[in-house]
Amino acid sequence: MGLSVLFNIASLQSQNQLQSTNQSLQSTLTQLTTGSRINTGADDPAGLQIANSLNASIAALNQSVNNASNGIGIGQVADGALSQVSTLLNTAVTLATEAANGGLSTTQLSALGTEYNNILAEIDNIGSNTNFNGKAVFTSTTTNIFLTDLTTNYNIGISTTVLSASGLGLTTTDFTVSGNPQAALSEINNAITAVGALRGQIGAAIVQLQDGQNVATVEAQNTTAALSTITSANLPQVISNLSKFTVLEQTGIYSLTQANSVPQSLLKLLQ
């Protein structure tokens, strides 16, 4: 290459090469610091787009796991309350059966009726005051639990209905009236059947939510593994690149220094 007074081509080439090496070195240092090979859109535009999509799916799946936990909690609270109602109804069976005995006095029947009415009041209390996270559990509105991976959406409903003694058909209250204890027994038996059916329905929803939660958990783990495969830096390769670009930077600086000294050499020739 001939010497030029107007242009120092060797210097320009050295500068360009040094700039490229420095960019590669900075990118390598960033990968080493973050552990990720994609830190800007320029690193891998297509990979970044895929990574963003996977991150969104992971966020949706993790929240779906939380949603399922919330729904399971609602179902478990409802089932626990209904278990208490079942216990109360079993006690009511005992009271009504005793009241059906023709050998009791009016005073005794009245006392049994009072105890029975207390049970009905407690059932109403359970229905009105059972809450989960500040929200009434026993309502006429189905609680829909939303699960998604951003590709497929699922709504799992928990139906609890309004819980009350009258809602269960427990309307006979006066045991002093002939035939009422027997009528109450029939009502209690129907109520026990209704509560059992509701517990079964809620139990099925809990199982469905647990299955959905397990699926979302596994899918989140698999998606996270896929994201790691796409974005994680190959540390041995990064360390190797760091060594390579560090040496190239040093040689580039030396080359640029030598190229910049060419005009001085030309000046000496002219002296």
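The values are calculated or read from the model by the stated rules, or taken from the named source; none is laboratory data. Given the structure is predicted, the values throughout are model-derived calculations rather than measurements. When we count neighbours, we look across all protein chains shown, and the Cβ atoms used for this are built from the backbone with ideal geometry, even at glycine.
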So which of Ala56, Ala68, Ala81, Ala46 ends up being free of Cβ contacts under 8 Å to residues at least 40 places away in the same chain and either outside the structural domain of Phe245 (by TED's automatic domain parsing) or hydrophobic (A, V, I, L, M, F, W, C) (or both)?
Ala46
Please find, within the range 16-38, the residue that is surrounded by the most Cβ atoms within 10 Å (Cβ to Cβ) out of those that are over 19 Å from Ala51 (Cα atoms) and of a type in the set (Gly, Ala, Ser).
Ser24
May I ask you to say which residue of Glu115, Glu122 is surrounded by 13 or more Cβ atoms within 10 Å (Cβ to Cβ), in contact (Cβ under 8 Å) with a residue 24 or more places away in the chain and assigned to a helix (DSSP H, G or I)?
Glu122
Among the residues of the range 87-112, which ones are over 19 Å from Thr171 (Cβ atoms) and either small (Gly, Ala, Ser) or not assigned by TED's automatic domain parsing to the domain that holds Gln182 (or both)?
Gly102, Gly103, Ser105, Ala111
Can you name the condition, by its number, that Thr160 falls short on among (1) surrounded by fewer than 13 Cβ atoms within 10 Å (Cβ to Cβ); (2) touching a strand residue (DSSP E or B) at 6+ places or on another chain (Cβ under 8 Å)?
(1)
Might you check whether a residue that is closer than 30 Å to Gly103 by Cβ, out of contact with any helix residue (DSSP H, G or I) (no Cβ under 6 Å at 6 or more places or on another chain) and not in a helix (DSSP H, G or I) occurs anywhere in the range 160-172?
yes
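Take the residues in the range 215-259 that are under 21 Å from Asn22 (Cβ atoms) and within 35 Å of the chain's Cα centre (by Cα), then tell me which one is modelled with the lowest pLDDT. Working first, answer last.
Let us first name the residues in the range 215-259 that are under 21 Å from Asn22 (Cβ atoms), namely 233, 237-259.
Checking the rest, the ones that are also within 35 Å of the chain's Cα centre (by Cα) come to 233, 238.
On the way: Ala233: 75, Val238: 72.
Checked the range 215-259; the qualifying residue modelled with the lowest pLDDT is Val238.
Condition check ((1) among the aromatic types (Phe, Trp, Tyr); (2) surrounded by fewer than 16 Cβ atoms within 10 Å (Cβ to Cβ); (3) over 26 Å from Asp79 (Cβ atoms); (4) in contact with a Lys or Arg (Cβ under 8 Å, 6 or more places away or on another chain)) across all residues:
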position	(1), (2), (3), (4)
Ala191	no, no, no, no
Gly196	no, yes, no, no
Ala205	no, no, no, no
Gln221	no, yes, yes, no
Phe245	yes, no, yes, no
Gln250	no, yes, yes, no
Ile253	no, yes, yes, no
